[in-house]
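Everything below concerns the one structure shown next.
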Amino acid sequence: DYLFRITRKRRVAIKALIMNSHLVVGVGNIYASEALFRANIRPTRAAGRLSRTQAAALARSIREVLTGAIAIGGTTLRDYVNADGAPGYFRQQLFVYECGGKPCRICATPVRQILQGQRSTYFCPRCQR
């Protein structure tokens, strides 16, 4: 209900909204792309155009992505390691992030990469509407 309520009458892209730490806490660039993919929502969609059902699916996806990433140590992209010196293994579960041009793991359509707010955004044009 909270996510649906904060999206009302907002024209900002849904990815930018969920990455706004004043509104949604803990969702960075990688996890935003992944949560939107799992919820089948295109990152460029105006936040105010989400239905209540889509907002609920996105809230679930955000929780699943963050919980999954925490459980296996986060996402190591380059040289990050945690306090114990171990890398995060969530990268192996990424569906779209840093997969620009590669086939979607679900439908084989090439994943697209665009810039949103000076950040790379990845999405499947077929799976995410």
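Among the conditions (1) modelled with pLDDT under 85; (2) within 17 Å of A32 (Cα to Cα), Y97 misses just one, which is (1). Taking the criterion of being open to solvent by 40 Å² or more (accessible area, probe 1.4 Å) and either more than 22 Å from R119 (Cα to Cα) or at pLDDT 95 or above (or both), would at least one residue in region 30-40 satisfy it? Checking region 30-40: at least one residue is open to solvent by 40 Å² or more (accessible area, probe 1.4 Å) and either more than 22 Å from R119 (Cα to Cα) or at pLDDT 95 or above (or both).
For region 6-29, a residue qualifies if it is charged (D, E, K, R) and open to solvent by less than 10 Å² (accessible area, probe 1.4 Å), and exactly one does: K15.
Conditions (1) touching a residue at least 12 places away in the same chain (Cβ under 8 Å); (2) in a loop (DSSP other than H, G, I, E, B), marked per residue:
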site: F4; (1), (2): yes, no
site: R10; (1), (2): yes, yes
site: L17; (1), (2): yes, no
site: S21; (1), (2): no, yes
site: A32; (1), (2): yes, no
site: L36; (1), (2): yes, no
site: I41; (1), (2): yes, yes
site: T44; (1), (2): yes, yes
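The single condition among (1) more than 13 Å from the chain's Cα centre (by Cα); (2) at pLDDT below 95 that A69 does not satisfy is (1).
The values are calculated or read from the model by the stated rules, or taken from the named source; none is laboratory data. On a predicted model such as this, the values are computed, not experimentally measured, just so you know. Virtual Cβ from ideal backbone geometry, glycine too; neighbours counted across all protein chains shown. Keep in mind that these areas ignore ligands, DNA and RNA; they rest on the heavy atoms of the full protein, side chains included. Shrake-Rupley method; radii C 1.70, N 1.55, O 1.52, S 1.80 Å.
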